[in-house]
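Trainee: I'd like to ask some things about the structure below.
The values are calculated or read from the model by the stated rules, or taken from the named source; none is laboratory data. Fair warning: this is a prediction, and the values are worked out from it, not measured in the lab. Here the Cβ positions follow ideal geometry from the backbone for every residue, glycine too, while neighbour counts run over all protein chains shown.
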Amino acid sequence: MNTQYESVIGLEVHVQLKTKSKIFCACSAAFGCEANENTCPVCLGLPGSLPVLNEKVLELAIKVGLALNCRISERIKFDRKNYFYPDLPKAYQISQYDMPVASKGFLVVEIKGDGGVLTEKRIGITRAHLEEDAGKLLHEGIKDGSWVDYNRAGVPLLEIVSEPDLRTPEEAFQYLVSLKAILQYLEVSDCNMEEGSLRCDANVSIRSIGETKLGTKVEIKNMNSFRAVQKALAYEVKRQTKAVESGEKIIQETRLWNESKSETFSMRSKEQAHDYRYFPEPDLVPFSVASEKIETIKKSLPELPKARWDRFKTRYGLSDYDAYVLTSDKILGDYFEACIQEKADPKLTSNWIQSELLALLNAGKIAIGDSPVKAKDLAGLIRLIGNNTVSGKIAKEILPMMFETRKSAETIVKEKGLVQVTDLKVLEEAADRVIRANAKSVSDLKAGKKQALGFLVGQVMKETKGKANPKLINEILTQKLPIQ
Ligand SMILES: [Zn+2]
């Protein structure tokens, strides 16, 4: 008998908050400095040093909590999470145990279905709590031991924990995309996975469909992209299903994702909260956050992805899906709006960004923020299409040249003589030549086979080396060859 299983997934996302200094000392939180350059007695855990909370960190955490529809804790308390590891100089991490900054929120995630149809799913946010990051151990290329870099020790992190509401690896991926978009819009983090400013661990278990109890969960770590999270979850769901079907028991453990082998392997059995002997941090007394302060932060929240998505639909007349794609990444949305400010047609711009520009960027693994074609130049190209200076077909050849040379569309059109032919006499002559050379298609069209018209238009485009205006050719041919 075949049992059907479903997966139950929850995600823990560590976000590095974008502050100049660390969470409990004045050291710089910048990435990419000399090893141990950004350290002091506090973040090195030297005896007698005392932590002081960076107020900006709390403000950013409250911002995230509000954007995720959470309840903001009136009382802020920090706790010590005790464990010994060389990257943790104090042998405890200052974190928040039972009173997180934010709790009981939710995030509405768009799940992409067949044909790009989007459906909404509400994913619960259990909590978001503050903690300090640990240092970094360096093993590679070092003989006789390891080195440690404490630059990252004390860098502020916000850990966002979701409810186990996600049911498929694809949903987990979409949750991460939506969460990252909100963090980008709030400008609270660089959200750069390569530099470690966004990290994700996943908890996954399976159960037979209809079962309400949770199965034994496995934690997966070491995934360095959203796609890796999706792949690791898909692998793990398969592994657990196979194990259960062959009568094995799933053990609660932590597994690591190996990207090159595309599989997870066991690292250690999972520790429980009591293993960490949490207790209140005696060096940071609990304090209250004034409700006025929370209100002020609430009022300062920027336009978030969902609101911008709605605005793109109503103001620019974009489809639901197009508006979603353009607003799911803040920088992409900014790029689009910068084009509109340069008087480019919104719908054309949306199409050109999503098909031509993103294809070129993806092929070169270039982020939209680093695009060699700036928004004002793409807008320039789109204006040339709009006022019939170049055909869409030629424009598709111009864009890669702009990409390559960083020249404006106007310059390339002038240099290469690519101006669209709209001279009726020239077009009619070209049409006549095509009519003479394609007797079969001509008689097909006259007999009412409309697809022959498309072929003939294509031939005239060829005849004019793509520089003709297809709409004009269409009109000329229809006029010359009426259906009989
Ligand atoms: Zn420090």
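Trainee: Output the qualifying pairs, or none if there are none: Cβ atoms under 9 angstrom, residues six or more apart or on different chains, first residue in region 129-148 and polar (S, T, N, Q), second residue not in a strand (DSSP E or B).
Mentor: Ser146/Pro86; Ser146/His139
Trainee: Take the residues in region 10-56 that are part of a strand (DSSP E or B) and either in contact with a His (Cβ under 6 Å, 6 or more places away or on another chain) or not charged (D, E, K, R) (or both); name whichever of them is surrounded by the most Cβ atoms within 10 Å (Cβ to Cβ).
Mentor: Restricting to residues being part of a strand (DSSP E or B) and either in contact with a His (Cβ under 6 Å, 6 or more places away or on another chain) or not charged (D, E, K, R) (or both), the top hit is Val15.
Trainee: I've got another one for you. Could you check Gly448 against (1) in a loop (DSSP other than H, G, I, E, B); (2) assigned by TED's automatic domain parsing to the domain that holds Tyr335 and say which number it fails?
Mentor: Status for Gly448: all satisfied but (2).
Trainee: Looking for something in contact with a strand residue (DSSP E or B) (Cβ under 9 Å, 6 or more places away or on another chain), within 27 Å of Ala232 (Cβ to Cβ) and within 16 Å of the ligand (Cβ to nearest atom) - is there at least one such residue anywhere in region 5-16?
Mentor: yes
Trainee: I'd like to check which strands (runs of 3 or more DSSP E) are fully inside region 118-185 and have at least 2 residues that are within 16 Å of the ligand (Cβ to nearest atom).
Mentor: 118-132, 147-149, 156-162
Trainee: Continuing with this model, one more query. Would you mind telling me which numbered condition in (1) under 20 Å from the mean Cα position of the chain (by Cα); (2) exposed (fewer than 14 other Cβ atoms within 10 Å of the Cβ); (3) of a type outside the set (A, V, I, L, M) Ser291 fails?
Mentor: Failed condition: (1).
Trainee: Follow-up. Please name all residue pairs, on different chains or six or more residues apart, with Cβ atoms under 9 Å, provided the first residue is in region 287-314 and is hydroxyl-bearing (Ser, Thr, Tyr) and the second residue is in a helix (DSSP H, G or I) and modelled with pLDDT of 95 or more.
Mentor: Partner pairs satisfying both residue conditions: Ser300/Lys63.
Trainee: Can you spot a residue in region 39-55 that is more than 13 Å from the ligand (Cβ to nearest atom) and at pLDDT 95 or above?
Mentor: Yes, because at least one residue in region 39-55 is more than 13 Å from the ligand (Cβ to nearest atom) and at pLDDT 95 or above.
Trainee: Of Arg152, Arg207, Arg199, which residue is farther than 23 Å from Lys56 by Cα and in the same structural domain as Val108 (by TED's automatic domain parsing)?
Mentor: From the options Arg152, Arg207, Arg199, the qualifying one is Arg207.
Trainee: Still on this structure, please answer the following. Can you tell me which residue among Pro400, Pro372 is in contact (Cβ under 8 Å) with a residue 12 or more places away in the chain, over 16 Å from Ser355 (Cβ atoms) and under 27 Å from the mean Cα position of the chain (by Cα)?
Mentor: Pro372
Trainee: Name every residue in region 415-432 that is farther than 16 Å from Pro470 by Cα and at pLDDT 85 or above, in order of residue number.
Mentor: Glu415
Trainee: Select from region 307-341 the residues that are surrounded by 14 or more Cβ atoms within 10 Å (Cβ to Cβ) and among the hydroxyl-bearing types (Ser, Thr, Tyr) and list them in ascending order.
Mentor: Within region 307-341, Tyr316, Tyr321, Tyr324, Thr327, Ser328, Tyr335 meet the criteria.
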